[in-house]
Amino acid sequence: MGSLHAALPKILKIIRLHILLGGFLAFSLGTLLAVASGGTFNPVLFLLMYVVMLFGDLSTHYSNDYFDVDVDRRITEKKFFAGSNLLVSHPELRPLAKSISVTLLAASSVLAFLIVFFLGAPIEFLIIVLAENLVGWAYSAPPLRLTSRGLGEVAVAWVTGFAIPGIGYLSVKGQFDPMFLLLAVPFVMYGLILSLSLEAPDIELDRKGGKRNLPVRGGSRNVSLIILAMAVSATSALLLYAWQFASAVIDFKVVAAFSVVPVATALLGFVSTLILRRKAHMYSALNVASLFLFNALMVAYLLSVSLA
């Protein structure tokens with residue numbers, strides 16, 4: 001008991017609060033989008049379904065650090081959005097980190113099952129949670145280890161762009177409808193930008209660690225081009241929605257205006273890395289920050305629409 005008490009303050013450092021904030025923003029975005037679309041907010045379902053998502057999210061913090069120890073040993077420069085590197089300096093905590101990850105994963109799945117069968121949440125919620133938890137574990141865990149097979153970016157894009165806001169949406173409306181599916185398209189594009197921006201600064205490190213993600217295979221300059229293409233495509237989709245669905249419950253022109261922020265940082269990164277030949281570190285961080293800002297603006301806008 002004494003050793004566990006001493007290890008607790010250390011093991012909690014693995015949790016990245018900024019990642020949790022991003023998850024909460026994405027979940028809240030989905031919830032408020034459903035409210036704005038005519039759904040009825042249920043605070044109990046909102047809280048319980050968020051806890052399910054939160055447990056799954058926290059599980060990945062511990063599993064990724066546990067399975068990426070060999071790669072993390074090579075890190076010489078600490079980056080803001082990177083892992084804690086705690087298990088490298090404290091290898092005795094690895095078994096505890098793995099146990100915490102598995103426990104959180106099981107708790108998330110069991111709670112989702114209980115919410116569906118006792119509180120009447122839609123079966124889609126359970127399916128998404130189980131898929132999300134499987135993808136979160138397989139992202140870095142063998143034998144699948146998606147991040148080493150060129151599938152890590154797809155996993156992150158789906159989880160952050162569809163699954164997390166989707167769970168928030170289901171907590172209010174109980175089913176998906178065209179409004180959510182339309183916005184899921186640019187949201188998944190932003191999820192891909194997020195994944196590539198987090199990976200781009202660690203290309204050499206990941207290459208030495210045996211990862212075969214998209215930045216390792218294509219290089220930082222090609223990645224900056226893909227990020228710009230995704231940002232422009234997301235804005236183009238939103239402008240198309242504004243043209244086709246002028247009478248929608250939300251103003252797609254407003255959302256398209258918010259999307260200029262990721263486009264601006266993606267363009268800056270493209271010019272800097274591809275044309276000026278500068279390193280991607282700073283511009284990757286700006287890309288991530290721009291996505292945080294986009295989500296925050298969306299939450300504020302949807303909150304005003306819902307209250308109105």
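The values are calculated or read from the model by the stated rules, or taken from the named source; none is laboratory data. This one's a predicted model, so the numbers in the text were calculated from it and none came from an experiment. Reconstructed Cβ throughout: ideal geometry from the backbone, glycine too, with neighbour counts over all protein chains shown.
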field: Filter result (of a type outside the set (A, V, I, L, M) and either at pLDDT below 95 or not in a helix (DSSP H, G or I) (or both)) within region 237-251
entry: 243, 244, 245, 247, 251
statement: Reported set for region 128-143 where residues are over 17 Å from residue 48 (Cβ atoms) and within 19 Å of the chain's Cα centre (by Cα) is 131, 134, 135, 136, 137, 138, 139, 140, 141
- line: Taking region 252-281 and the residues there that are small (Gly, Ala, Ser) and modelled with pLDDT of 85 or more, the one that is farthest from residue 30 (Cα to Cα) would be 269
field: Hits in region 123-148 - residues which are surrounded by 15 or more Cβ atoms within 10 Å (Cβ to Cβ), on the phi < 0 side of the Ramachandran plot, touching a residue at least 60 places away in the same chain (Cβ under 8 Å) and not in a helix (DSSP H, G or I)
entry: 139, 140, 141
- request: Go through (1) over 20 Å from the mean Cα position of the chain (by Cα); (2) touching a residue at least 40 places away in the same chain (Cβ under 8 Å) and name the single condition residue 204 misses.
  value: (2)
field: From 213, 133, residue being over 27 Å from residue 263 (Cβ atoms) and touching a helix residue (DSSP H, G or I) at 6+ places or on another chain (Cβ under 7 Å)
entry: 133
message: So for region 214-222 (the condition being in a helix (DSSP H, G or I), at positive phi and surrounded by fewer than 18 Cβ atoms within 10 Å (Cβ to Cβ)), does at least one residue qualify?
response: yes
task: Being acidic (Asp, Glu) and part of a helix (DSSP H, G or I) is the filter; apply it to region 66-115 and report the residue that is modelled with the highest pLDDT.
output: 92
